[in-house]
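The values are calculated or read from the model by the stated rules, or taken from the named source; none is laboratory data. None of the values given here were measured: they were computed from a predicted structure. Cβ: placed from backbone, ideal geometry, glycine included. Neighbour counts: every protein chain shown.
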Amino acid sequence: MARKLLLEHINVPGINTFDVYREKGGYRAVEKALKTLSPDEVVEEVKKSGLRGRGGAGFPTGMKWSFLAKPEGVPRYLVCNADESEPGTFKDRFLMTHIPHALIEGMIVSSYALGANTSYIYVRGEMMPQIRILERAIAEAKSAGFLGQNILGTGYNLELYVQPGGGAYICGEETALLESLEGKRGNPRIKPPFPAIAGLYGCPTVVNNVESIAATVPIINDGGEEYAKIGIGRSTGTKLISASGNLVRPGVYEIELGLSVEEFIYSDEYCGGIANGKRLKATVAGGSSVPILPANLTLKLASGEPRLMSYESLSEGGFATGTMLGSGGFIAFDEDQCIVRNTWNFARFYHHESCGQCSPCREGTGWMEKVLHRIEYGHGKMSDIDLLVDVSRKIEGNTICPLGDAAAWPVASAIRHFRDEFEWHVKEPVKCLDTNYGLANYAEPIAKAEVTTGN
Amino acid sequence: MSDKVKVTIDGITVEVAPGTTILNAARQIGGDIVPPAMCYYSKLQGSGGKCRTCIVKVSKGSEKDPRPMPKLVASCRTTVMDGMEVLNITSPEVIEARNGVVEILLINHPLDCPVCDQAGECDLQNLGYEHGLQKTRYEFERRTFERIDIGDKIQLHMNRCILCYRCVFTADQITNKRVHGILNRGDHSEISTYIHTAIDNDFSGNVIDVCPVGALTDKTFRFKNRVWFTKPIDAHRDCPTCSGKVTLWYKGEDVLRVTARKDIYGEVEEFICNTCRFDKKKTSDWVIEHPTHISDASVISSNHYETLKPLPVIQNNPVLQEANRKELEKTVKF
């Protein structure tokens with residue numbers, strides 16, 4: 001069994017209550033940090049741990065914290081981004097539902113490190129049960145003296161608030177989240193200035209993902225260096241993976257980064273293989289916005305070495321033969337799944353969730369969705385495929401926030417790797433309505449793989 | 001000179017104050033290298049960054065950090081650094097991306113220029129001429145909205161809107177309480193007032209001037225005439241609420257329309273009040289100054305015949321006739 005840090009006590013009955021959580025060693029990190037460490041030492045520990053943001057971008061958390069401006073007389077804020085809405089990602093919801101105190105504890109430690117006296121957990125509006133759970137957990141922690149004025153007699157004050165969002169995917173973008181938290185329309189801000197300089201109410205702010213904040217607890221408990229020993233290379237620690245799709249046992253798994261993708265999919269400890277005895281066709285490794293990969297490139301790098309679940313290994317080969325770890329939303333597709341339909345579904349999601357602020361994303365996502373819809377339903381033309389590539393290129397990189405990129409990548413990558421399936425949809429407009437293209441050669445060894453040159 | 005920073009745009013170096021944006025630095029150089037801007041408006045705080053037509057390539061970040069910027073940046077919201085090198089029209093990548101943005105802006109635009117009052121002075125039309133494709137690749141039904149009247153003098157034609165947010169910023173800047181804004185999300189976004197209340201403000205008419213397209217139009221001028229058949233004359237009056245400096249648009253002896261004076265980038269110099277804009281439409285209300293200089297590239301200047309035979313208001317004033325002759329010389333020389 002691999003080491004579990006976040007989900008170690010997940011099966012303990014009543015772990016969602018303060019008493020059981022405390023009994024299992026909870027809130028040790030708060031005691032340790034507040035009583036024995038200075039805020040800068042906490043930041044130093046997180047830096048040493050090599051923890052990378054678990055929300056998708058993988059930016060080192062310690063470095064992000066050290067960028068926080070600290071002007072005199074201006075409050076600083078920590079905001080926890082619990083607006084998890086990416087199709088295929090559900091790890092934060094799982095964590096908040098079952099171990100809410102892990103997040104509260106992480107929030108206290110992180111707020112202390114950043115010198116924030118008011119912190120917010122911005123939860124997506126649809127997660128009403130989780131909001132209630134968190135509020136109850138906060139009340140429990142407060143009555144036990146871990147929140148509020150003069151925590152544990154150390155003189156440190158912290159108020160923690162849960163703020164429900166309106167349920168918009170765009171509000172998971174950090175500056176849109178801050179706008180929404182301020183009570184405005186959730187449009188991403190134009191950067192610079194970055195939130196570390198001018199964030200919530202114009203004050204320096206750090207926005208972190210739920211899992212990143214929860215991960216500070218084991219880092220403080222065991223020390224940053226101990227945490228950095230887990231994992232591989234610059235991908236340290238453990239990561240929650242939301243596995244979904246045609247797997248025998250989909251669910252949330254805590255893995256040590258560096259686990260091979262093959263083991264993750266097929267071993268009985270994790271997903272247990274592809275459901276119903278079918279074969280793997282493709283995977284989306286990190287949530288809907290990362291490029292989709294055919295089975296052969298999922299399991300092996302272009303060089304033939306096994307692909308690992310880590311930030312570096314998944315992005316090996318760039319976008320030509322690689323993908324990204326993203327937020328860890330691992331979706332597996334078996335041989336009966338239609339990639340065109342799936343791409344259309346993703347495009348529909350981004351079309352629906354675009355905020356409409358900048359033009360390439362507002363107009364381009366809708367355009368891509370309509371063209372994909374046409375191909376999926378047998379009205380496509382051969383030129384549509386190149387049109388899609390061209391439109392996705394015009395969106396990518398030309399928008400204010402990464403939603404434009406997130407909308408463009410799945411479409412571009414699906415066409416890059418599964419072009420023959422798109423062409424089949426155009427050539428067989430009637431057949432494609434009730435038959436699937438099947439596995440084709442997507443699972444064959446890399447030697448025959450369609451992508452060899454960087455493009 | 002230490003408080004100035006050097007920036008090179010398409011090979012032309014200029015020294016500007018720190019904190020200047022790339023777009024404004026380019027405007028100090030002037031000419032073809034100025035990136036087009038649909039949403040940025042120098043008079044409106046916070047505007048810009050949305051339409052993405054002004055994107056440029058930063059090939060060298062600064063003297064200290066010469067790395068190029070990884071993505072194309074919006075020149076209207078990116079400040080210059082000392083030693084920065086920017087490529088605008090000399091970069092094929094920028095031209096291609098800009099063409100893409102223009103195409104994308106036009107896919108849901110009704111392209112009803114033949115019946116649109118803005119035609120002839122429309123930023124989107126100009127942009128489309130310079131960067132647009134001959135033919136659209138968009139084969140779906142375009143998005144449509146109902147026309148609504150926001151106030152008794154302004155009509156909002158949302159089909160034409162490109163969501164530049166300029167009118168929103170205008171209301172933010174010159175009123176204390178904004179009553180219109182963006183409703184909905186994504187490509188369903190629309191400018192609207194809350195449950196169709198009218199915009200009631202002395203300066204509400206300025207949203208017509210800042211609108212880069214024909215989405216907000218002056219109801220007192222709607223369908224009266226094509227702008228290129230009217231002749232602009234600068235004039236002023238002693239107005240208690242605003243500066244009273246305007247441009248009158250004449251057809252024959254009639255003032256068809258009053259607008260604020262605009263600079264070469266189509267931005268108003270000073271906001272004017274609704275009384276000047278909508279109610280003072282007689283020559284006797286105004287002190288005529290001189291014919292407005294219209295850029296040679298504009299379709300409005302193509303109509304020389306009226307300048308050869310000056311407008312009735314100019315004919316009986318020797319000073320104005322002299323000014324008219326100068327304007328004419330400028331165009332004829334070209």
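Quick notes on this structure:
- Filter result for the condition that a residue is without any contact (Cβ under 8 Å) to a residue 40 or more places away in the chain, surrounded by 15 or more Cβ atoms within 10 Å (Cβ to Cβ) and either over 30 Å from A:VAL284 (Cα atoms) or touching a Cys at 6+ places or on another chain (Cβ under 6 Å) (or both), over A:VAL20, A:VAL42: A:VAL20
- Of all residues in the stretch B:86-107, those that are within 9 Å of chain A (Cβ to nearest Cβ) have Cβ atoms under 6 Å from Cβ atoms of residues that are among the charged types (D, E, K, R), 6 or more apart or on another chain, in B:GLY100/A:LYS394; B:VAL101/B:ARG52; B:ILE104/A:GLU363; B:ILE107/A:GLU363.
- When the stretch B:251-267 is limited to residues that are part of a loop (DSSP other than H, G, I, E, B), surrounded by fewer than 17 Cβ atoms within 10 Å (Cβ to Cβ) and not hydrophobic (A, V, I, L, M, F, W, C), the one that is modelled with the lowest pLDDT turns out to be B:GLY252.
- B:GLU306 modelled with pLDDT under 75, within 19 Å of B:PHE229 (Cα to Cα) and either touching a Lys or Arg at 6+ places or on another chain (Cβ under 8 Å) or assigned to a loop (DSSP other than H, G, I, E, B) (or both): yes
- Against the criterion of being modelled with pLDDT under 95 and more than 14 Å from every other protein chain (Cβ to nearest Cβ), B:GLY48 does not qualify.
- Residue that is surrounded by 22 or more Cβ atoms within 10 Å (Cβ to Cβ) and at pLDDT below 95, where the choices are A:GLY233, A:GLY223, A:GLY199, A:GLY258: A:GLY199
- Summed over the stretch B:121-169, residues that are farther than 17 Å from B:ASN184 by Cα, away from chain A (no Cβ under 11 Å) and in contact with a Phe, Trp or Tyr (Cβ under 8 Å, 6 or more places away or on another chain) total 3.
- Residue-level check: of (1) surrounded by fewer than 21 Cβ atoms within 10 Å (Cβ to Cβ); (2) at pLDDT 90 or above, B:LYS135 misses just (2).
- Members of the stretch A:326-373 that are among the charged types (D, E, K, R) and either within 12 Å of chain B (Cβ to nearest Cβ) or free of Cβ contacts under 8 Å to residues at least 40 places away in the same chain (or both): A:ARG341, A:ARG348, A:GLU353, A:ARG362, A:GLU363, A:GLU369, A:LYS370
- Among the residues of the stretch B:43-70, those identified as surrounded by fewer than 17 Cβ atoms within 10 Å (Cβ to Cβ) and at negative phi are B:GLN45, B:SER59, B:GLY61, B:GLU63, B:LYS64, B:ASP65, B:PRO66, B:ARG67, B:PRO68, B:MET69, B:PRO70.
- Counted residues, the stretch A:296-333 - those being touching a Phe, Trp or Tyr at 6+ places or on another chain (Cβ under 6 Å) and surrounded by fewer than 20 Cβ atoms within 10 Å (Cβ to Cβ): 0
- When A:ILE138, A:ILE131, A:ILE121 are checked against the criterion of being assigned to a strand (DSSP E or B), away from chain B (no Cβ under 14 Å), in contact with a strand residue (DSSP E or B) (Cβ under 9 Å, 6 or more places away or on another chain) and surrounded by 15 or more Cβ atoms within 10 Å (Cβ to Cβ), a single residue qualifies: A:ILE121.
- Residue check, A:LEU293 outside any strand (DSSP E or B), of a type in the set (A, V, I, L, M) and buried (at least 22 other Cβ atoms within 10 Å of the Cβ): no
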